[in-house]
1. Run through all the Cα pairs of segment 1-149 and give the fraction in each 5 Å bin from 0, expressed as whole percent.
2. Please sort 7-19, 41-53 by packing, taking for each peptide the average over its residues of neighbouring beta carbons within 10 angstrom, highest first.
3. As a test of the definition: which semi-axes, in Å, follow for segment 1-61 when you take the square root of five times each eigenvalue of its alpha carbon gyration tensor? Largest first, please.
4. Averaged per residue, what accessible surface does segment 48-123 expose to a 1.4 Å probe, in Å²?
5. Please state, to two decimals, what the Cα-based radius of gyration of segment 73-114 comes to when divided by 2.2 N^0.38 Å (N = residues).
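The values are calculated or read from the model by the stated rules, or taken from the named source; none is laboratory data. Here the structure is a predicted model, which is why all the values come from computation and not from measurement. Here the Cβ positions follow ideal geometry from the backbone for every residue, glycine too, while neighbour counts run over all protein chains shown. Ligands, DNA and RNA are excluded from the accessible area calculation, which covers all protein heavy atoms including side chains. Shrake-Rupley method; radii C 1.70, N 1.55, O 1.52, S 1.80 Å.
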Amino acid sequence: AFAPGADGIVVLKPRDLILPKYLYYLLQNQSFLIRNNGYARHWQHIKRTSANIPDIHVQARIVAKIEKLFDELDRGVESLNTAKRQLEQYRQSVLKQAFEGKLTAEWREQNKDKIEPADKLLERIERERDSDYRRRLNAAKPNLGKSKVPRKPKALESYSQLEYKVDWGHPTSWLGSHIGFLTYSPEYGTSSKSSNDGDVPVLRMGNLQNGKI
């Protein structure tokens, strides 16, 4: 026992010689044939659409065939979902192996002369980041103390926290680092930092969807 709770709900009881499940699948099909009207009531359109109504015994056969094929489709969907989960696991496995050095082990073995030792790499990184800091600082000097940009860049943090004697399975030519040391600190921006013509886009959280801008 139940009562419909809103005028948007239409309760349909099939007439004689119409199987309930035949009507159910018929309405599913009809819903594909009408235009989506958003929040508007759709029954007013569905009730005027035409449909072929066979003998009740044929209806039963149609329902049985539909449900058999739908069962196969459901199993196919489940197989696809299983494959998708396995692909996601494989994707994570690929990433894990990449950053443990396993994907490039053979190349490194064949190209030892091309690989920069970790301590030399660290020295070069420090030289390059210091040079970039001085460049950004010189660019900011004319406007220091003013409201205009660029502002003075943040001072560089020490690289002393880097542990490049990696002892947990990574290639010895690699550096061990905190993620925060891999990038420069981004500067905060607002719409006022865009050009007057709006040629400089301002990136906001709403612009980032599923890892894409």
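1. Values per bin, smallest distances first: 1, 6, 7, 8, 8, 8, 7, 5, 5, 5, 5, 5, 6, 7, 8, 5, 2, 1.
2. Going by the mean number of other Cβ atoms within 10 Å, highest first, we get 41-53, 7-19.
3. Output for segment 1-61: semi-axes of 23, 17, 8 Å.
4. Ligands and nucleic acids excluded, the result is 83 Å² per residue.
5. Against the compact-globule rule of thumb, the ratio is 1.85.
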